[in-house]
Amino acid sequence: MNQSRRTPLIDSSLAVLSKGYAWLPDRRRRTTAPVVRARVMGQRTVALHGPEAVRFFYDERHVERGTALPGPVLSTLFGHGAVHTMDGQEHRVRKEMFLSLLTDPEAVAGLVECVAAAWDEAVESWPGRPSVVLFDEASRVLTRGVCRWAGIPLDDAESLARDLVAMVDGFATPGPRHWRARRARSRSEAWLGRLVEDVRDGAATAPAGSALDVVARHRDADGRLLDPHTAAVELLNVIRPTVAVCWFVAYAGHALRLRPDIRERLGEDDPAYAVAFAHELRRFYPFAPFLGGRAVTDLEWRGEPIPSGALVLLDLYGQNHDPDLWDAPYTFDPQRFLERPAHRDELVPQGGGDRTTGHRCPGEDVTIALLRALGPRLARLEYDVPEQDLRIPLSRIPARIRSGFVIEAVRVPA
Ligand code: HEM
């Protein structure tokens, strides 16, 4: 008999919307079973967590991605036709394009250099301003830096930063935030699609080896160039998440305010500590809540049946705060990563498994390198933190600091 008929489950979509990051960890605490069963958007859903579950989830014989992502998420966050929705050989060929751009140490260093230069330039103007919203400023700095690195000409960094943030901010919610995200995506896809066509026609130039050049010339598994829309979607899949690192820059401000001892240590030039700080930011603060895929056949996980076609969720936030994996998981403590390196399938803020064969984020090196560069810069800056709403409600996906982290009376030390 059909599993959903045997155990009728109330649809949890509303609970996901109202509880956000806490939904799956709460459900897991209330069961002794190794999985959480639910219905989400009318679909049978089985949620897993833990390093072994990561390996199970990322095995293509178990879980595929092609049909799992809902349309509203594609129309805002990732784009239709994105690498996120591909499986098998087609996915590998498209993924290689991202890996070639984002994992070469020289390319990563080049991107960090562009962003750090944009940061240093922006910071010069902060002492003259009554206040600075760190989240907004970081989004503009990252937009300038990544577009310069990617070979994308930029007229108005402020509007583009707003659009790129909107696509991330509005993917998981109905209402105005969602429609803002859709409009931002349509505008950006049209602009970048035209740019790719211009590069191919010779009406615009792309620096050799830049993201614009690589995406415009990329051939998929079928040997064809990407159509301009898909090329625009994938260019956005480079620049949008890079700009989303602004979430972690604002979280860095939050962490340093709570822990002046960490601020002092981070301000010293110790690259290992700066990396540990970046890992702890990614582990501790909420960003990606969970991943979704679809069971390709009838499966079994630790004795629990997962019917073919069921939605399979991997609880990233829950795993990053699992007391079985982390001592004092709700304490912000970069030191933990100095004592023990981040294991591939334990620390999963950007997915797990192998990034070359699976869907794990190809931008992890970039994220860590950017935070390693910007964290110490922020720690060395002197500023006041006025009274403001510093709450980070876990019911909101994606979570963010309500005030955006406002600083005042900025002093740039000589
Ligand atoms: C995939 C998180 C930064 C590009 C992912 C996934 C997550 C994630 C959770 C899905 C993994 C999966 O489906 O298994 C993050 C977070 C970031 C970040 C929290 C920090 C802000 C970046 C950066 C880039 C990037 C900087 C590029 C410059 C991508 C791409 C994929 C992806 C292209 C799709 C990979 C695939 O489907 O094979 N990211 N990411 N991300 N990320 Fe990131």
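The values are calculated or read from the model by the stated rules, or taken from the named source; none is laboratory data. Just so you know, these numbers come straight off a predicted model, no measurement behind them. No Cβ is skipped: glycine too gets one built from the backbone with ideal geometry, and neighbour counts run over all protein chains shown.
Conditions (1) basic (Lys, Arg); (2) farther than 23 Å from ALA68 by Cβ, marked per residue:
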{"residue": "ALA216", "(1), (2)": "no, yes"}
{"residue": "THR242", "(1), (2)": "no, yes"}
{"residue": "ARG263", "(1), (2)": "yes, yes"}
{"residue": "GLY292", "(1), (2)": "no, no"}
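Residue-by-condition table, conditions (1) surrounded by 19 or more Cβ atoms within 10 Å (Cβ to Cβ); (2) of a type in the set (Lys, Arg):
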position: ASP11; (1), (2): no, no
position: LYS19; (1), (2): no, yes
position: VAL36; (1), (2): yes, no
position: LEU48; (1), (2): yes, no
position: LEU69; (1), (2): yes, no
position: GLU96; (1), (2): no, no
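Yes or no, residue by residue, for (1) part of a loop (DSSP other than H, G, I, E, B); (2) hydroxyl-bearing (Ser, Thr, Tyr):
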site	(1), (2)
ASP345	yes, no
LEU370	no, no
ARG377	no, no
TYR383	no, yes
GLU387	yes, no
ARG391	yes, no
SER403	yes, yes
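Across the range 78-94, the qualifying residues are those that are more than 10 Å from the ligand (Cβ to nearest atom) and within 20 Å of ALA172 (Cβ to Cβ), and the one among them that is nearest to the chain's Cα centre (by Cα) is GLY79. Return yes or no: is GLU382 in contact with a strand residue (DSSP E or B) (Cβ under 8 Å, 6 or more places away or on another chain), over 27 Å from THR76 (Cα atoms), more than 13 Å from the ligand (Cβ to nearest atom) and free of Cβ contacts under 8 Å to residues at least 40 places away in the same chain? Considered against the rule, which asks whether it is in contact with a strand residue (DSSP E or B) (Cβ under 8 Å, 6 or more places away or on another chain), over 27 Å from THR76 (Cα atoms), more than 13 Å from the ligand (Cβ to nearest atom) and free of Cβ contacts under 8 Å to residues at least 40 places away in the same chain, GLU382 comes out as yes.
Do the conditions hold for LEU394, that is, is it more than 9 Å from the ligand (Cβ to nearest atom) and within 20 Å of GLY20 (Cβ to Cβ)? When the stated conditions are applied, LEU394 passes them.
Entry remark, the range 228-280: residues being within 16 Å of the ligand (Cβ to nearest atom) and of a type in the set (Asp, Glu) number 2 in total. Considering the range 319-371, the residues that are over 16 Å from the mean Cα position of the chain (by Cα) and basic (Lys, Arg) include one that is nearest to the ligand (Cβ to nearest atom), namely ARG344. Evaluating VAL146 against the criteria (1) under 20 Å from the mean Cα position of the chain (by Cα); (2) away from the ligand (no atom under 16 Å from the Cβ) leaves one unmet condition, (2). For the range 140-182, a residue qualifies if it is touching a residue at least 60 places away in the same chain (Cβ under 8 Å), within 18 Å of LEU235 (Cα to Cα) and touching a Lys or Arg at 6+ places or on another chain (Cβ under 8 Å), and the qualifying residues are ALA161, LEU164, MET167, VAL168.
Restrict the check to the range 215-226 and report whether at least one residue is among the aliphatic types (A, V, I, L, M) and away from the ligand (no atom under 16 Å from the Cβ). Scanning the range 215-226 turns up at least one residue that is among the aliphatic types (A, V, I, L, M) and away from the ligand (no atom under 16 Å from the Cβ). Of all residues in the range 19-49, those that are at pLDDT 95 or above and of a type in the set (Gly, Ala, Ser) total 1.
Note on the range 95-133: residues that are of a type in the set (A, V, I, L, M, F, W, C), away from the ligand (no atom under 15 Å from the Cβ) and either within 15 Å of GLY253 (Cβ to Cβ) or touching a Leu at 6+ places or on another chain (Cβ under 7 Å) (or both) total 6. At least 2 residues being among the hydroxyl-bearing types (Ser, Thr, Tyr) and touching a residue at least 40 places away in the same chain (Cβ under 8 Å) is the threshold, and among the strands (runs of 3 or more DSSP E) wholly inside the range 289-335 not one reaches it. Restricting ALA181, ALA166, ALA109, ALA118 to residues that are among the aliphatic types (A, V, I, L, M), out of contact with any Gly (no Cβ under 6 Å at 6 or more places or on another chain) and surrounded by 14 or more Cβ atoms within 10 Å (Cβ to Cβ) narrows the list to ALA166.
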